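The values are calculated or read from the model by the stated rules, or taken from the named source; none is laboratory data. Keep in mind it's a predicted model, so treat the numbers as computed, not measured. As a convention, Cβ positions derive from the backbone with ideal geometry for all residues, glycine included, and neighbour counts pool all protein chains shown. Just so you know, the surface numbers come from the protein's heavy atoms only, side chains and all, with ligands and any DNA or RNA stripped out. Shrake-Rupley method; radii C 1.70, N 1.55, O 1.52, S 1.80 Å.
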Amino acid sequence: MPCPCHESAKHNPMSDKPLLEVKNLKTHFFTEEGVARTVDEVSFTIAAGEVFGLVGESGCGKTVTAHSIMGIIRPPGQQVGGEIIFKGIALDRLDERQFAALRGEELAMIFQDPQVRLNPVFKIGAQIAELFEIQRGMKRSEAWPLAVELLERVGLPDPEERAHSYAHELSGGQAQRVMIALAIALEPELLIADEPTTALDATIQAQILELLERLAERRQSAMLLITHDLAVVAQRADRVAVMYAGHFLEQAGVQTLFDRPMHPYTQGLLNAMPDVRASGALVSIPGTVPEAHHWPAGCRFAPRCPARKKYKLEICEIVQPDLIEIAPDHLVRCWLYQAHPGHQPPLSTEEHTWVW
Ligand SMILES: Nc1ncnc2c1ncn2[C@@H]1O[C@H](COP(=O)(O)OP(=O)(O)OP(=O)(O)O)[C@@H](O)[C@H]1O
Ligand code: SF4
Ligand SMILES: [Mg+2]
């Protein structure tokens with residue numbers, strides 16, 4: 001006899017689909033210096049309840065990827081290709097009004113630049129309360145205590161008093177916490193957190209990350225966690241993508257990425273981890289990220305790659321490698337592991353070799 005709970009668990013076709021699908025996203029900036037291909041063929045998925053970490057050095061396109069998902073790219077930037085599908089809806093085909101209806105309740109973002117994003121004219125308590133008033137039909141008298149409670153949950157001291165402050169009266173860390181309160185107020189299904197804890201000290205940082213985790217557990221919500229801090233990714237993410245010069249160089253489950261990093265760039269980032277902790281910046285890979293107007297023709301990491309010289313790989317500067325699956329759910333873009341006419345890969349995907 002079939003189990004009654006099995007019978008009652010109706011099959012939901014949406015549950016088989018990822019919450020977010022980004023397919024071949026291209027977002028370019030049309031400037032006087034030329035076209036900056038800032039996000040160039042980026043694809044990934046995020047399942048309900050999953051934390052997807054996005055890491056990479058400054059200027060590699062992480063924030064532009066996030067802004068593309070949120071539909072807030074403005075000229076000179078433009079999404080010129082690809083699809084962004086959230087809960088089966090093609091976001092890039094929504095008009096501004098339809099998109100606005102999704103923001104807050106279903107999709108929200110903690111912005112990297114909170115001081116600029118907060119409304120300078122309204123008290124911060126009013127900005128949070130307004131969300132409950134508009135989306136939940138509450139009166140100000142009901143919404144205000146909820147706003148104060150949220151400010152308390154994000155660790156703002158004297159929340160009742162602080163709720164009456166304006167954005168310019170806050171420190172960077174306080175503004176960041178207000179930004180977090182705004183983003184989580186309506187418990188969105190997908191939270192995009194762009195460097196959510198950079199301006200915060202270690203204690204508050206841990207508190208915020210726990211708060212976000214609890215939200216994820218309660219709501220089965222998902223998070224795109226963008227950060228320079230690999231230690232945060234190691235602790236909080238389920239899967240991770242490593243971005244460089246507009247596209248992904250490696251993507252894997254968090255355990256795999258930290259135990260068996262295959263791409264020279266990922267290995268370089270992991271080598272730099274002690275410096276990350278000390279200075280907050282990724283500094284140990286010699287050289288700099290190329291300009292988005294002038295991505296190198298072949299592998300974009302070639303000018304900085306020690307493996308290219310070590311293994312005398314001529315193809316690297318000429319042909320761009322594809323992002324290929326070298327093991328289940330482990331993608332790598334590197335000629336060390338893939339063949340091409342006239343090129344034999346020097347390393348096997350079975351072994352794990354540090355190239356630095
Ligand atoms: N308004 C703009 N005009 C021209 N180019 C822009 C503009 N905004 C962004 N870009 C492009 O985006 C790049 C920065 O990308 P993005 O902000 O996504 O980097 P990031 O990976 O988030 O870096 P960080 O770690 O410093 O936050 C710039 O180098 C430039 O190519
Ligand atoms: S493709 Fe070549 S240059 Fe690029 S990361 Fe791999 S070995 Fe280095
Ligand atoms: Mg950024």
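Put simply, of 100, 108, 90 the only residue that is surrounded by fewer than 13 Cβ atoms within 10 Å (Cβ to Cβ) and within 20 Å of residue 48 (Cβ to Cβ) is 90. Scanning segment 40-81 for residues that are in a loop (DSSP other than H, G, I, E, B) and in contact (Cβ under 8 Å) with a residue 60 or more places away in the chain gives 47, 48, 49, 50, 56, 57, 58, 59, 60, 61.
For the residues 197, 266, the requirement of being touching a helix residue (DSSP H, G or I) at 6+ places or on another chain (Cβ under 9 Å), crowded, with 20+ Cβ neighbours inside 10 Å and part of a helix (DSSP H, G or I) singles out 266.
Criterion first (over 26 Å from residue 253 (Cβ atoms) and open to solvent by 40 Å² or more (accessible area, probe 1.4 Å)) does residue 228 satisfy it? Answer is no for this residue. Which residue is farthest from ligand 3 (Cβ to nearest atom), if the candidates are limited to segment 216-225 and must be open to solvent by less than 10 Å² (accessible area, probe 1.4 Å) and of a type outside the set (S, T, N, Q)? Here the residue is 222.
Of all residues being open to solvent by 10 Å² or more (accessible area, probe 1.4 Å) and either of a type outside the set (A, V, I, L, M) or within 9 Å of ligand 1 (Cβ to nearest atom) (or both) in segment 46-65, which is nearest to residue 188 (Cα to Cα)? Just the residue, please. Applying the filter and picking the extreme gives 49. Across segment 297-307, the number of residues qualifying as open to solvent by less than 60 Å² (accessible area, probe 1.4 Å) and free of Cβ contacts under 8 Å to residues at least 40 places away in the same chain comes to 4. Cβ separations smaller than 9 Å between residues 6+ apart or across chains give the following pairs from segment 328-353 residues that are at negative phi and open to solvent by 20 Å² or more (accessible area, probe 1.4 Å) to residues that are of a type in the set (Asp, Glu) and in a strand (DSSP E or B): 331/250; 331/325; 333/250. Reported count of residues in segment 198-240, each being within 14 Å of ligand 1 (Cβ to nearest atom) and at pLDDT below 95, is 8. Across segment 28-45, the number of residues qualifying as under 14 Å from residue 77 (Cβ atoms), more than 16 Å from ligand 2 (Cβ to nearest atom) and crowded, with 17+ Cβ neighbours inside 10 Å comes to 6.
Which of the residues spanning segment 37-62 are under 12 Å from the mean Cα position of the chain (by Cα) and basic (Lys, Arg)? Of everything in segment 37-62, just one residue is under 12 Å from the mean Cα position of the chain (by Cα) and basic (Lys, Arg), namely 62.
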